[in-house]
Amino acid sequence: MTVEKHIFGKPFYIDSVINFPPYGKTFTDEPKNFPVGKIDIQDDFKFTCKMNEDDMIFGLGEAMGGINKRGRIYKSWCNDDPHHTEEKESLYGAHNFLVVYSPSIQKAFGLYFDYPGMLEIDAGFTKIDELVVHSEKTDIAVYFIADDSASPDSVVKSIVSEFRKMIGQSYIAPFWAMGFMQSRWGYGSEQDLVRVYENHKKHNLPLDAIFLDIDYMDEFKDFTVNKENLPNFAAAVKKMNDKNIHVVPIIDAGIKADDTFDVDVEGVKNDFYCKKADGSLLAAAVWPNLSHFPDFLNSDARRWFGEKYKILLDAGVDGFWNDMNEPALFYSEDGIKEAANKLIELSNKVLSDDNTQDKISWQMSDTIWNVKNAMKDYASFYHTVDEKEAGNFAVSVKNGKATVCHKDVHNLYGFNMTKAASEYFDSIGKKSDILLFSRASFIGAHRYGGVWTGDNNSWWSHILLCLKMLPSLNMCGFLYTGCDLGGFGCNTNRELLLRFLALGVFTPLMRNHSALGTREQECYNFENTEDFAGILNLRYRLIPYLYDQYKKASENNTMYFRPLAFDYPTDKIALRIEDQLMLGEDLMIAPIYEANAKGRFVYLPEEMYCLRSSHNHGSEEGIIPQELLKAGTHFVECAPNEVVFFVKKTSRIPLVDAAENTKSLDLNKVTFVGAV
Ligand code: MIG
């Protein structure tokens, strides 16, 4: 195993790599020592590496593109963009780890760019045969990992595991968090909780958690509860807990700027917020309107914010989702004023000159559009960190504390919000009992919580997009993950929700979530709810097995989801499969992501059992029909109310009986499928 750390300049200290191996070598400031490609640190940082025609690139966590990342450009930048269309370059996470694999020589190497600001990864986009990684600053640490002693069949997995060891063990969610969870933007009252619970019960749909979105808060103020919607919050939570339903509220990053709000008053008094250059507090709008932004990079602010979760924990809550922590900024005070002036100027022009109308209307819409999450705003505020952490990122230093510009360390914000919560849970000995996941993330955050993949849409293509991100997220340590099943934005339909759920059966995070204003997409809102129950029942039957695989992946630093390429790198077809995944030690999944399909083509790299489940196929009797299929391509039929999955010929999978929630699963009553 070869592990090298190449330090250029004075990087910002990031605790993503926490276990540098004893056999690892450290180099400083010598681009020529880098074992592959070429590094240039003249004006900015640029790594360039030639690629053979068939070289493949894996990794980059939460990102658009394929399982093989080649052919696109990626901007590693935590971005609140709810439109995940094909051309997008940044999503909510920033995960700078990738592996280059050359199938012709069966060699691979891994690269991790430890850098807190924007990193651009041009994976054969500008020039088809070049991988170029670029950052503005030359203060950066780059890790190189290779394993020349690994067998060709395991070289990529070996590099990934080495990296995973270096970044520390992945967060393990509590067992109940493997249950099905129901969420919707709009849920915020006791009536919502009761309605969702009762409808699941009525339609025999298993359920473990109901989420509360921003409306449970009083005026969108973190750590408050709306008295009208939830007059007795603790009692409402208890009512749910008594039925084995967990209640999971949202926490947003920004805190309402309000001198009558005790949390904000504390934040101001203790100097816990991000500041502008003149020392005044950043005030930018999110849901509560003008808000202050906790300086999560400052350990005192982190401790303060983390302790606030106690308010909700005391009411019986044992799960949280952290949102808006890229951080999302609807507009800043300065930004909105500037845009308003610009609009007046443009409208005056438009009214006085006919010829320029077209361009001006574009400029007007750009002006409005660019107010949100503006780079100018990210460049306008600052964090306070320990001087020794700041490296060359310090803008100024005073009494052992350094000021750094947010834009330069942007990708660490959500990471440190998650860390704030998790460190508090850990301090009270409850880390393993509390569910925590986040929208924004950076490598390192995987030790503290999971991630969901943000605002997808009720689009068929977004089933596939999720599937493609899962293994890359696993490479970067994020195992507890999944997408908004059914799709967040737009209106879903019955078939699309069923197919989304059929993928969700296998993702550790299995949550139906949708946006305000979209069609109501709880399973019980569609015809023949027994079809939904059939799919959810399969999940519950598999939970003990899936949880075990998930825990093992965390403990052994392996991947829960893998591209077929990682397990069958010498199989030319398996190598390029973009719509099937290996799961844990025994399974392969091949979800359907097209409307009106009766089935799909599935490639089997080896002989496997094809298992099939639906409500009318035996879940009552505890039998799942199975058929041994030869290696090769098969058309496998799969109706929308069925889930088909594949088990290796030598594996057997334990199943328990379905139950209405994880607490009620009888873990001692096990049957087996596969090689029995
Ligand atoms: O600006 O809290 O991704 O899951 O429902 C939107 C409302 C804010 C974005 C999250 C989404 C959540 C929504 N939030």
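See the values below:
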{"read-out": "Members of region 234-267 that are surrounded by fewer than 23 Cβ atoms within 10 Å (Cβ to Cβ) and among the basic types (K, R)", "value": "K238, K239, K243"}
{"read-out": "Counted residues, region 203-214 - those being farther than 18 Å from S664 by Cβ and more than 23 Å from the chain's Cα centre (by Cα)", "value": "0"}
{"read-out": "Breaking point among (1) in contact with a helix residue (DSSP H, G or I) (Cβ under 8 Å, 6 or more places away or on another chain); (2) away from the ligand (no atom under 16 Å from the Cβ), for S158", "value": "(1)"}
{"read-out": "Residues being within 16 Å of the ligand (Cβ to nearest atom) and over 23 Å from V248 (Cα atoms) - total across region 292-330", "value": "2"}
{"read-out": "Among the residues listed as G450, G454, G444, the single one being modelled with pLDDT of 95 or more, under 9 Å from the mean Cα position of the chain (by Cα) and surrounded by fewer than 24 Cβ atoms within 10 Å (Cβ to Cβ)", "value": "G454"}
{"read-out": "Qualifying positions in region 301-336 - in a helix (DSSP H, G or I) and touching a Ser or Thr at 6+ places or on another chain (Cβ under 9 Å)", "value": "A301, R303, G306, E307, I311, D334, G335"}
{"read-out": "Any hit, region 183-202, residues being surrounded by fewer than 18 Cβ atoms within 10 Å (Cβ to Cβ) and under 23 Å from the mean Cα position of the chain (by Cα)", "value": "yes"}
{"read-out": "Residues of region 478-504 that turn out to be in a loop (DSSP other than H, G, I, E, B) and surrounded by 24 or more Cβ atoms within 10 Å (Cβ to Cβ), as a count", "value": "8"}
{"read-out": "Any chance E136 is under 30 Å from K221 (Cα atoms) and over 22 Å from the mean Cα position of the chain (by Cα)", "value": "no"}
{"read-out": "Residue check for G414: assigned to a helix (DSSP H, G or I), within 16 Å of the ligand (Cβ to nearest atom), touching a Lys or Arg at 6+ places or on another chain (Cβ under 8 Å) and modelled with pLDDT of 95 or more", "value": "yes"}
{"read-out": "Region 459-477 - residue that is surrounded by fewer than 24 Cβ atoms within 10 Å (Cβ to Cβ) and part of a loop (DSSP other than H, G, I, E, B) and, of those, farthest from the ligand (Cβ to nearest atom)", "value": "W460"}
{"read-out": "Residue in region 135-153 that is touching a strand residue (DSSP E or B) at 6+ places or on another chain (Cβ under 6 Å) and either within 16 Å of the ligand (Cβ to nearest atom) or part of a loop (DSSP other than H, G, I, E, B) (or both) present", "value": "yes"}
{"read-out": "Candidates G487, G517, filtered to the one that is farther than 23 Å from H246 by Cβ, within 16 Å of the ligand (Cβ to nearest atom), modelled with pLDDT of 95 or more and touching a Ser or Thr at 6+ places or on another chain (Cβ under 7 Å)", "value": "G487"}
{"read-out": "Residue satisfying condition, being under 14 Å from A502 (Cβ atoms), under 19 Å from the mean Cα position of the chain (by Cα) and either within 16 Å of the ligand (Cβ to nearest atom) or in contact (Cβ under 8 Å) with a residue 40 or more places away in the chain (or both), within set N537, N512", "value": "N512"}
{"read-out": "From Y550, Y545, residue being touching a strand residue (DSSP E or B) at 6+ places or on another chain (Cβ under 6 Å), outside any strand (DSSP E or B), under 30 Å from G168 (Cα atoms) and touching a residue at least 60 places away in the same chain (Cβ under 8 Å)", "value": "Y545"}
{"read-out": "Residue list for region 417-434, filter: part of a loop (DSSP other than H, G, I, E, B) and over 21 Å from the mean Cα position of the chain (by Cα)", "value": "I428, G429, K430"}
{"read-out": "Residue satisfying condition, being of a type in the set (G, A, S), closer than 30 Å to V237 by Cβ and touching a residue at least 60 places away in the same chain (Cβ under 8 Å), within set G117, G186", "value": "G186"}
{"read-out": "Subset of region 331-344 that is over 30 Å from K419 (Cβ atoms) and surrounded by 13 or more Cβ atoms within 10 Å (Cβ to Cβ) - its residue that is nearest to the ligand (Cβ to nearest atom)", "value": "I336"}
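Residue-by-condition table, conditions (1) of a type outside the set (G, A, S); (2) in a strand (DSSP E or B); (3) without any contact (Cβ under 8 Å) to a residue 60 or more places away in the chain; (4) more than 16 Å from the ligand (Cβ to nearest atom):
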residue: P206; (1), (2), (3), (4): yes, no, no, yes
residue: M240; (1), (2), (3), (4): yes, no, yes, yes
residue: N244; (1), (2), (3), (4): yes, no, no, yes
residue: A285; (1), (2), (3), (4): no, yes, yes, no
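The values are calculated or read from the model by the stated rules, or taken from the named source; none is laboratory data. Worth saying up front: this structure is predicted, and the values here are computed from it rather than measured. Counting neighbours? That spans all protein chains shown, and the Cβs are built from the backbone with ideal geometry, glycine included.
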